[in-house]
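The values are calculated or read from the model by the stated rules, or taken from the named source; none is laboratory data. Just so you know, these numbers come straight off a predicted model, no measurement behind them. Here the Cβ positions follow ideal geometry from the backbone for every residue, glycine too, while neighbour counts run over all protein chains shown. Keep in mind that these areas ignore ligands, DNA and RNA; they rest on the heavy atoms of the full protein, side chains included. Shrake-Rupley method; radii C 1.70, N 1.55, O 1.52, S 1.80 Å.
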Amino acid sequence: MSLSYSVIVPVLGEEERINALVDHIRTVGYGRRVEILVADGHPQRTTLAALERPGVLAVPAPRGRARQMNAAARHAVGEVLVFLHADCALPGGAFEAMDELLADGSRQAGAFDLGIRSDKWSLRLIAWMASLRSRLTLAPYGDQAQFFTRAAFDALGGFADMPILEDVDIMVRARRAGLRIGFAKGRTLASSRRWEAEGIWRRTFLNWYIILLYMLGVPPERLAPLHRAAGPLKENS
């Protein structure tokens, strides 16, 4: 069974990479029904202004990754919604792998394992640990290209309006709602820029600390300044 897909990319200041990212999605999805939506949260829509590829749905949106992804999802027509961070790449055969996972209807949401574009052993270890954690908790992060059937996403009410951790929240809610979450074959490839700019282990331990505080009940609004204090990278990265 070949499903139709909508790939939603939230962006903020991604002028330099947006056209290459669109080309990448189309290469991976060659010959398939793949809609691409770019949701720009910048007030001046700078990434949309730099978008040169035809056939991409440009979505101006209020700033904030959750808001941007929800805004684009309202315009999407695919049977499956795929949420791809601007600094991540899909694995080869991604759409065939999602078809295979979702084919019998027993699963309604999923993601890929995580890879990081780096030859450093420390980042390879971090990616392996993240993938293992995701499989054990059934709560993959956004940089693992989360995907949902349209019906499942609508039933969940989309992403919660949170400044950070919207990716964790939606998977926790999906699990509690009784939706089955699976892992498609392959690994996303995330940019190493966050770790290398902020310090590999500093960034990693801070991520773990923020998640721990969230699981202990600290509101995301109180955690957002801690996340931003880690470094100057864009919130949609």
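Below is a table of values for the structure above.
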quantity	calculated
Condition check for Ala97: of a type in the set (A, V, I, L, M, F, W, C), open to solvent by less than 60 Å² (accessible area, probe 1.4 Å), at pLDDT 95 or above and in contact with a Phe, Trp or Tyr (Cβ under 8 Å, 6 or more places away or on another chain)	yes
Residue list for the range 100-113, restricted to those being in contact (Cβ under 8 Å) with a residue 12 or more places away in the chain, open to solvent by 30 Å² or more (accessible area, probe 1.4 Å) and out of contact with any Ser or Thr (no Cβ under 6 Å at 6 or more places or on another chain)	Glu100, Ala103, Ser106, Arg107
Residues located in the range 46-88, provided they are in contact (Cβ under 8 Å) with a residue 40 or more places away in the chain, charged (D, E, K, R), open to solvent by 30 Å² or more (accessible area, probe 1.4 Å) and not in a helix (DSSP H, G or I)	Arg63, Glu79
Number of positions in the range 145-180 that are within 24 Å of His227 (Cβ to Cβ), of a type in the set (Val, Ile, Thr) and open to solvent by 10 Å² or more (accessible area, probe 1.4 Å)	2
Test for Gly217: is it modelled with pLDDT of 95 or more and either open to solvent by 30 Å² or more (accessible area, probe 1.4 Å) or touching a Lys or Arg at 6+ places or on another chain (Cβ under 6 Å) (or both)	no
In the range 1-39, the residues that are free of Cβ contacts under 8 Å to residues at least 40 places away in the same chain and among the hydroxyl-bearing types (Ser, Thr, Tyr)	Thr27, Tyr30
Some residue of the range 80-93 being over 19 Å from Lys185 (Cα atoms), in contact with a strand residue (DSSP E or B) (Cβ under 9 Å, 6 or more places away or on another chain) and not aromatic (Phe, Trp, Tyr)	yes
Unique match (being of a type outside the set (A, V, I, L, M) and modelled with pLDDT under 95) among Gly31, Gly41, Gly55, Gly13	Gly31
Tally, over the range 114-144, of residues that are in contact (Cβ under 8 Å) with a residue 24 or more places away in the chain and either open to solvent by 10 Å² or more (accessible area, probe 1.4 Å) or over 17 Å from the mean Cα position of the chain (by Cα) (or both)	11
For Val22: the one exception among (1) out of contact with any strand residue (DSSP E or B) (no Cβ under 9 Å at 6 or more places or on another chain); (2) in a helix (DSSP H, G or I)	(1)
The range 145-160, subset part of a helix (DSSP H, G or I) and in contact (Cβ under 8 Å) with a residue 60 or more places away in the chain, residue nearest to Glu79 (Cα to Cα)	Arg150
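Residue by residue, here is whether (1) part of a helix (DSSP H, G or I); (2) modelled with pLDDT under 95 holds:
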{"position": "Gly115", "(1), (2)": "no, no"}
{"position": "Ser118", "(1), (2)": "no, yes"}
{"position": "Ala139", "(1), (2)": "no, yes"}
{"position": "Arg202", "(1), (2)": "yes, yes"}
{"position": "Leu206", "(1), (2)": "yes, yes"}
{"position": "Leu223", "(1), (2)": "yes, yes"}
